[in-house]
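For reference, the structure is listed below as structure tokens.
The values are calculated or read from the model by the stated rules, or taken from the named source; none is laboratory data. These numbers were taken from a predicted model, which means no experiment stands behind them. In this analysis, Cβ positions are derived from the backbone assuming ideal geometry, glycine residues included, and neighbour counts consider all displayed protein chains. Just the protein is used for accessible areas: all its heavy atoms, side chains included, with ligands, DNA and RNA removed. Shrake-Rupley method; radii C 1.70, N 1.55, O 1.52, S 1.80 Å.
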Amino acid sequence: MPLSGERAEMPILQADTLWAPPQWALTERLLIDTLNEAASEFVARYTRPDGTLIWRDNWPGMDGSDDPYEAFMYLSLLYTIGGSEEVKRLSGFMWEALTWQWTAYGQIHNEFDGYYDWMHHGEGYLYFYFLGMSDPESLKNRQRTVKFAAMYTGDDPAAPNYDKELRLIRSPITGSRGPRFDMTEEDWITHRGVLDHYPAPFEDLDGVDYASGTCRWSDDL
């Protein structure tokens, strides 16, 4: 057994018998090789040399920081199933670039969303989970993991999202700026019009006609 604090060495398996690979394995390898090439082309086409998206100079509200991460998060997952070292490099490079860009916009604070609902946290942070799978020895990402956890264990005084005494998350909107108790029109400015295309959850209220489409999420009346 390894001593306390030591890591057990990974067992080494050696195959010394050769045989022809099955067709499905060759096809899978071809797919991965094709995706390797597509990944580099995708990054080159839609980003600047520093990795930031070829997009706009500013972005209001709290919404949208999950979307760029979603666009590039499968780079890390591709690497874990046999992608190239270049794909691994791009996955880390793009995480850094997108985090920087959305920090400049104002949605990201201290490397994570300043405040957001949990569904959008989950969408954007899939990228972060995949980074951990593709490079579990990365000191930077291990430190980030501890920092993120502290925001939801009550151990980060700058982001007190969790109440240890009551054992609950203090707001449905949380993040690196702490729980959000007051929301403004500015917070939702980029999101409200999008919601008009979704069914409303209050169709059973008397006097509210959601079926006709005349009553919209963005209608304050």
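In this entry, region 10-141 is assigned a mean projected area of 10.4 nm², taken as a quarter of its C-alpha convex hull surface. Backbone amide hydrogens, once placed in the peptide plane, bring Thr47 within less than 5 Å of Ile54, excluding anything fewer than 5 places away on its chain.
Between Lys88, Lys164, Lys140, the residue with the greatest mean-square fluctuation in the GNM of the chain (Cα pairs under 10 Å linked by springs) is Lys140. Residues Asp187, Asp196, ordered by accessible area of protein heavy atoms at a 1.4 angstrom probe radius and largest first, appear as Asp196, Asp187. Solvent exposure of the chain, expressed per residue, is 67 Å² of accessible area, with all protein chains present and a 1.4 angstrom probe. Largest GNM mean-square fluctuation across Gln23, Gln101, Gln14, computed for the chain with C-alpha springs under 10 Å, falls on Gln14.
Per residue of the chain, the DSSP helices (runs of n ≥ 4 H) give a summed -39500 (n - 2.57) that works out to -13000 deg cm²/dmol at 222 nm. Here's the list of lysines a cross-link from Lys88 could span, going by alpha-carbon distance under 26 Å and ignoring same-chain residues fewer than 8 apart: Lys140, Lys147. Compared with the dominant principal axis of the Cα atoms in the chain, helix 23-46 is inclined by about 50°.
Spin-label model, Leu13 to Ala149: label points 7 Å out along the Cα-to-beta-carbon direction sit 2.8 nm apart. Our summary gives the chain a relative contact order of 18 percent, counting only alpha carbon pairs under 8 angstrom and 6 or more residues apart.
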